[in-house]
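Down below is the structure, laid out as structure tokens.
The values are calculated or read from the model by the stated rules, or taken from the named source; none is laboratory data. All of these numbers come straight from a predicted model, not from anything done at the bench. Every residue, glycine as well, gets a Cβ built from its backbone with ideal geometry; the counts of neighbours run over all protein chains shown.
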Amino acid sequence: MPTNCYGPGDNYNSLTSHFLPALIQKIHNVKIKKTKKIKIWGSGKVKREIIFVDDLAEACIFFMKKKTKHSLINIGTGIDYSIKDYAKKIMKILNVKGDIVFDKTKPDGTPRKLLDISLAKKYGWHAKTTLKNGIIKTYASFLIKNK
């Protein structure tokens with residue numbers, strides 16, 4: 001069972017996408033339009049764990065080749081950040097300055113989504129893509145998709 005995935009080819013629609021591609025879209029728009037406000041759904045306090053799509057694919061191959069006695073192995077990074085922290089990280093990577101504004105009329109969702117990945121680690125698997133590199137690769141794909 002994987003955690004939330006992100007990466008090239010994602011859905012960047014601000015209304016129908018998962019939070020990370022929506023943040024990339026919104027922060028990119030601020031960069032291009034040179035505005036100062038980034039509007040984010042909810043309080044920004046909820047925490048999410050994400051995994052780069054290539055790491056998930058590698059985990060699938062790794063575990064298909066490995067004999068295990070478990071029918072369910074959580075695949076993730078074991079690290080979570082608040083939505084606000086993700087927004088700040090993306091802003092830094094994209095070199096965007098601005099104010100984050102929280103739309104508290106929109107839902108936060110589950111307060112925290114973090115997997116226990118100790119079993120995957122026990123079998124010798126771990127995610128290899130850093131958050132920064134994953135965001136850089138995802139943003140590059142976003143730019144190509146939105147030419």
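If only residues of the range 20-48 that are buried (at least 19 other Cβ atoms within 10 Å of the Cβ) and under 12 Å from the mean Cα position of the chain (by Cα) are counted, the one that is farthest from LYS92 (Cα to Cα) is ARG48. Could you tell me whether any residue of the range 133-146 is in contact with a Phe, Trp or Tyr (Cβ under 9 Å, 6 or more places away or on another chain) and at pLDDT below 95? Yes, the range 133-146 has at least one match.
A count restricted to the range 127-141 and to residues that are surrounded by 14 or more Cβ atoms within 10 Å (Cβ to Cβ) and more than 14 Å from the chain's Cα centre (by Cα) stands at 1.
Would you mention how many residues in the range 73-119 are surrounded by fewer than 14 Cβ atoms within 10 Å (Cβ to Cβ), among the polar types (S, T, N, Q) and within 18 Å of GLY134 (Cα to Cα)? Final tally of qualifying residues: 1.
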